[in-house]
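A.B. asks: Dropping a structure here in C-alpha cells format, bear with me for questions.
The values are calculated or read from the model by the stated rules, or taken from the named source; none is laboratory data. From a predicted model like this one, the values you see are computed outputs, not experimental measurements. Using ideal geometry, Cβ is built from the backbone for each residue, glycine included, and neighbour counts are taken over all protein chains shown.
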Amino acid sequence: MDLDTTRSKHAYQRIINDFENRNIDILVGTQMVTKGLDFDNVSVVGILNADNMLSYPDFRAPERSYQLMAQVSGRAGRKKKRGKVIIQSFNPYHAIIREVIDNDFKKMYKEVVIERRNFKYPPFYRLVEITLKYKEYNLLNQAADALAVKLRQQFGDLVLGPEYPIVSRIRNQFIKSILIKIERKQSLKESKKKLEQVIDDFALEQRYKSVRIIKDIDPQ
C-alpha cells in the first residue's frame, strides 16, 4: 500500500477489505498503513530500516520516529492476543528505539526538549527559512554565500547555511536554503524588519537580481 497502488478511485478500500477478509496475509506499505487502521487478525508488525527515520535531517526526527514506531506497534495484537513487533536497525540500542520498546514517552520527551534547548530549536527559538532559486548552479552558490554573509552581520551565529535541501533541483532551478534562528524573547517584528532590509539591500545588487528569494517564517 503506497501512493502508486492507491491512485485509482477504490484501490485503497479494496486493499483494506482484502486484508481484513484475509484474502491477503501480508501487507507491505509506506507510513499510510500506520494511520487509523484497526485489524483483528494482525499478530506481527515489522518496521524496516528504522535508521532512515532516526537519521533524517530534521530536528523533529526523534519525536516523529518515536510517534511512528509506537503507532505502528499498536497495530499488532488485538483482543487479548499478544502481538509481536520487529524493528530492523543497525543501532538497536538507539535511545528512541529503547524508549519505544519500554513505551517510555516521558523519557523521550525530556531528552528531546533538552536537545532542542541546547541546539536552539523550537519551541525555544523561532525559525526563518530563506530559500534561493536560480537556473545557474554557480551563480546561485555565489548569491547564497553573499546573502548568508549579509545575514550574519545582522543575526550572527544564529544563521545556518547555505545548504542544499534534500530535493535540490526542481523544474530546472537549483535550490539553496539558509536557516535563521530567533530567540523567543526577541521581537519578531523587529527581526522581520531587519531581515527585510537585508534582502532589499541584497536585491539591489545587479548580478543577483534574477535570483528568486522566498521567506518562510516558522516553516515547521
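A.B. asks: Restricting attention to the stretch 174-187, which residues are over 18 Å from L160 (Cα atoms) and either in contact with a strand residue (DSSP E or B) (Cβ under 8 Å, 6 or more places away or on another chain) or of a type in the set (D, E) (or both)?
C.D. replies: Hit for the stretch 174-187 is F174, nothing else.
A.B. asks: Would you check which residues across the stretch 78-114 are in contact (Cβ under 8 Å) with a residue 40 or more places away in the chain and touching a Ser or Thr at 6+ places or on another chain (Cβ under 8 Å) and list them?
C.D. replies: Answer for the stretch 78-114, where residues must be in contact (Cβ under 8 Å) with a residue 40 or more places away in the chain and touching a Ser or Thr at 6+ places or on another chain (Cβ under 8 Å): G83, K84, V85, I96, I97.
A.B. asks: Quick one: would you say K192 is touching an Asp or Glu at 6+ places or on another chain (Cβ under 9 Å) and surrounded by 13 or more Cβ atoms within 10 Å (Cβ to Cβ)?
C.D. replies: When the stated conditions are applied, K192 does not pass them.
A.B. asks: Of I214, I166, which residue is aliphatic (A, V, I, L, M) and in a loop (DSSP other than H, G, I, E, B)?
C.D. replies: I166
A.B. asks: Same structure, new question: Quick check on this structure: which one of D51, D58 is without any contact (Cβ under 8 Å) to a residue 60 or more places away in the chain, acidic (D, E) and out of contact with any Pro (no Cβ under 7 Å at 6 or more places or on another chain)?
C.D. replies: D51
A.B. asks: Need the failing condition index for R14 against (1) part of a loop (DSSP other than H, G, I, E, B); (2) over 25 Å from V167 (Cα atoms); (3) out of contact with any helix residue (DSSP H, G or I) (no Cβ under 7 Å at 6 or more places or on another chain); (4) not small (G, A, S), just the number.
C.D. replies: Looking at each condition in turn, R14 falls short on (1).
A.B. asks: For the stretch 93-124, give me each residue that is in contact with a Phe, Trp or Tyr (Cβ under 9 Å, 6 or more places away or on another chain), surrounded by 13 or more Cβ atoms within 10 Å (Cβ to Cβ) and not in a helix (DSSP H, G or I).
C.D. replies: Selection gives Y121, P122.
A.B. asks: Might you check whether a residue that is under 14 Å from I180 (Cα atoms), modelled with pLDDT under 95 and in contact with a strand residue (DSSP E or B) (Cβ under 6 Å, 6 or more places away or on another chain) occurs anywhere in the stretch 112-124?
C.D. replies: Taking every residue of the stretch 112-124 in turn, at least one turns out to be under 14 Å from I180 (Cα atoms), modelled with pLDDT under 95 and in contact with a strand residue (DSSP E or B) (Cβ under 6 Å, 6 or more places away or on another chain).
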